[in-house]
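Right, one structure below, let's go through it.
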Amino acid sequence: MVCRCALVVVVLAAPPPANADGPITSTDYAIEFHEGVAIGNTAQVGMGGAGAALIVGTAGGLMNPAQMAVRLTTDTDNWSWDYHLDVLTGTKSTDYDNNGQSIEGGATLVTLGLGGRYHDWAAALTFTGQTAPIAGADALDAEALRLRFMVGKYVPSYDVALGLGVQTVTFQITPQGEPQLFQVTGAGAIAGATWLPKYRDFRAALAWESPILGGELASACDPTNCMGYILPERIASPWRLVAGGAYRLSETRWNQLVGGTFRDEPSLTIAADLVVAGPSRDAYGLEAFGMQMLQRAGAHTTVSLRGGAEYEWLPGRLRIRAGSYWEPSRYDGVAGRVHVTFGTDLRVFEFQAWGRRRGRISLTADVAARYRNGGLSIGFWH
């Protein structure tokens with residue numbers, strides 16, 4: 001089940017990034033904090049990043065906070081709990097954040113979550129951590145930690161799940177073996193809704209994230225000359241709006257509680273999301289910062305279309321999935337790119353823990369021009 005922001009490997013001695021605006025000469029700028037690639041659990045990444053209406057539980061809350069209040073169709077108890085643990089690595093990329101500069105490496109991401117439901121109420125806490133080395137004359141590490149707390153409620157009379165929450169982000173750059181250059185912590189609001197009409201085979205969702213507020217930097221050294229770097233004044237993040245839908249084709253209707261422990265039947269599920277990210281004021285790229293250059297990022301609103309399909313080939317034992325999405329560039333003068341994704345779930349064992357449970361191993365991959373991302377997840381088979 002997995003997880004967000006595009007950190008990159010940077011070579012300080014490399015040529016300046018494509019369409020650089022020039023060297024940094026003052027602190028009057030911001031670094032953009034944004035994730036343009038598919039981040040989430042392995043099922044979501046394997047289906048082209050589409051999951052706002054499809055992925056439920058704590059992993060679904062990474063994109064849509066209402067998804068924690070959407071029950072699995074076999075969940076007929078008064079209460080239930082859920083977790084996810086996923087790892088993604090983009091270290092084989094040569095242009096992780098699509099800024100036009102080919103440099104080896106990319107971010108490694110770990111995401112986990114824990115949540116529970118009681119009747120129609122649910123709550124969850126998720127953690128996403130990313131790290132990437134910024135290499136060169138000085139070895140730097142860029143790290144980001146995102147925490148989300150969300151509360152959701154399912155409203156049976158309207159067949160709607162609603163969710164609200166807050167997220168906090170802590171971002172820092174640290175020279176290896178030295179005190180950090182700077183750290184910034186900010187917070188924002190999240191909200192979402194999912195419509196799942198009873199005895200129908202489709203679902204629709206809408207989710208929103210505010211910009212991260214309070215992004216002023218804290219540093220123990222002179223921001224105009226901190227170990228040779230001119231630091232930014234703040235971190236900028238765009239608002240984000242996601243509209244998604246999903247359709248399931250099988251022998252039985254999707255949106256119903258069927259009881260039993262598992263819903264083992266051949267099925268084909270199709271999902272699609274439209275992701276809109278707003279502009280960021282006076283923001284520039286992280287990779288360019290490592291070279292002490294300015295490269296404008298997030299000057300305009302960007303739109304990403306994502307979609308994919310999942311087929312339960314061997315009911316209760318094997319699922320396969322594939323998808324694709326468009327990653328728009330956040331950098332002036334750099335073209336967007338098409339991603340191709342695929343993945344699989346394999347059931348590996350069954351055991352007793354508060355009832356029958358099945359373990360699974362999931363693999364996923366996301367491939368585009370100058371981009372390679374792979375993922376591994378261990379969790380429950382649902």
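Computed from the coordinates by the stated procedures, all read-outs in this text should not be read as laboratory data. Bear in mind that the values here come from a model prediction, so they are computed numbers and not experimental data. Virtual Cβ from ideal backbone geometry, glycine too; neighbours counted across all protein chains shown.
Details
- The 3J(HN,Hα) values that the Karplus relation (6.51, -1.76, 1.60; θ = phi - 60°) gives for segment 315-323 are, in residue order, x, x, 9, 8, 10, 10, 8, 7, x Hz. Gly and Pro appear as x.
- Separation of alpha-carbon centers, segment 63-132 and segment 245-270, rounded to whole Å: 23
- Amide H to amide H, with H built 1.01 Å from N, Trp381 comes under 5 Å of Arg358, Gly359, Arg360, counting only residues 5 or more places away or on other chains.
- Sorted peptide list for 165-178, 194-207, criterion being average Cβ within 10 angstrom, highest first: 194-207, 165-178
- Per-peptide average of other Cβ atoms within 10 Å, ordering 142-155, 301-314, 252-265 highest first: 142-155, 301-314, 252-265
- Taking amide H positions as modeled 1.01 Å from N, with prolines and chain starts lacking one, the residues under 5 Å from Ile24 and 5 or more places away or on another chain are Met293, Leu294.
- In range of the label at Thr27: residues from segment 148-188 whose backbone nitrogen is under 13 Å from the point 7 Å along Cα→Cβ: 182-183
- Computed [θ] at 222 nm, helices only, for the chain once each DSSP H run of length n ≥ 4 contributes -39500 (n - 2.57): -500 deg cm²/dmol
- Here the 3J(HN,Hα) profile of segment 90-101, calculated from phi with Karplus coefficients 6.51, -1.76 and 1.60 at θ = phi - 60°, is x, 5, 8, 6, 10, 7, 4, 9, 6, 9, x, 10 Hz, Gly and Pro shown as x.
- What you get for the chain, charging only the Cβ of Lys and Arg (+1) and of Asp and Glu (-1), is a dipole of about 1380 debye around the Cα centre.
- This ranking places Ser329, Ser250, Ser157, Ser93 by how few other beta-carbon atoms lie within 10 Å of each, fewest first, which gives Ser157, Ser250, Ser329, Ser93.
- A simple rule links phi to the HN-Hα coupling: the Karplus curve 6.51 cos²θ - 1.76 cosθ + 1.60 with θ = phi - 60°, which for segment 216-228 gives 7, 7, 10, 8, 8, 10, 5, x, 7, 7, 9, 6, x Hz, with x for Gly and Pro.
- Look at the dipole of the chain built from charges on Cβ: of Trp81, Tyr229, Ala191, the Cα furthest out on the positive end belongs to Trp81.
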